[in-house]
Amino acid sequence: MSTDTLIADRIEIADLFTRFALLLDEKRWEDADTVFADDVAAHSPRGGELQGIDKVVGFMRQGEVEGQHAQHMTTDLLVNVDGDRAAASANSLVYYYRDGQAPYFTGGLRLAATVVRTPAGWRLREVRITPAWTREN
């Protein structure tokens, strides 16, 4: 793989993690196919193990709380590209807040993902979300 291709792939995967955070923050569930592969597997303490994009989106919709918002900040992204697959991990800080108010709850998460190249671009095939800490503000 050429250096240019590897750099382009890493940039696209970084953008994928940003799109994932924005999807969650903006509750744009109809855009889930721009982030997840159809056969995505998601693992988290709250959702357990979810298989398939419809189950993942259903879980995210069900977690919506009127007037509650979140802001996800993803950092420390590590990517290891191997052809049309990549292993990626990152840290995420999540701030939960209500309109015009300071955050009332904050959490630190560790994300680990398997990412695949599809005809539409890189997508999350598997994602594991592990809480590291929480704080009520």
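Axis of helix 53-62 versus longest Cα principal axis of the chain: the two differ by about 20°, to the nearest ten degrees. Computed over the chain, the percent of Cα pairs more than 19 Å apart is 51. About its Cα centre, the dipole of the chain is roughly 380 debye, where the only charges are +1 on Lys and Arg Cβ and -1 on Asp and Glu Cβ.
Please give the charge dipole size of the stretch 31-106, origin at the Cα centre, charges +1 on K and R Cβ atoms and -1 on D and E Cβ atoms. Round to the nearest 20 debye. Show your work: numbers first, answer last.
On the way: 5 positive and 12 negative charges, 69 e Å.
Using Cβ point charges on Lys, Arg, Asp and Glu, the stretch 31-106 gives about 340 debye.
Taking Lys and Arg as +1 and Asp and Glu as -1, the other residues whose beta-carbon sits under 12 Å from that of residue 66 total 0. The smallest convex shape that holds all Cα atoms of the stretch 5-52, its convex hull, gives 96 Å³ per residue. Quick one: angle between helix 3-26 and the longest Cα principal axis of the chain, in degrees between 0 and 90, rounded to 10, please. With rounding to tens, the tilt is 20 degrees.
Between the C-alpha center of the stretch 1-75 and that of the stretch 99-129 there is a gap of 5 Å.
Throughout, read-outs are computed from the coordinates displayed, never taken from laboratory work. If you're wondering where the values come from, they're calculated on a predicted model, not measured in any experiment. Cβ coordinates were reconstructed from backbone atoms using ideal geometry, including for glycine residues, and neighbour counts include every protein chain displayed.
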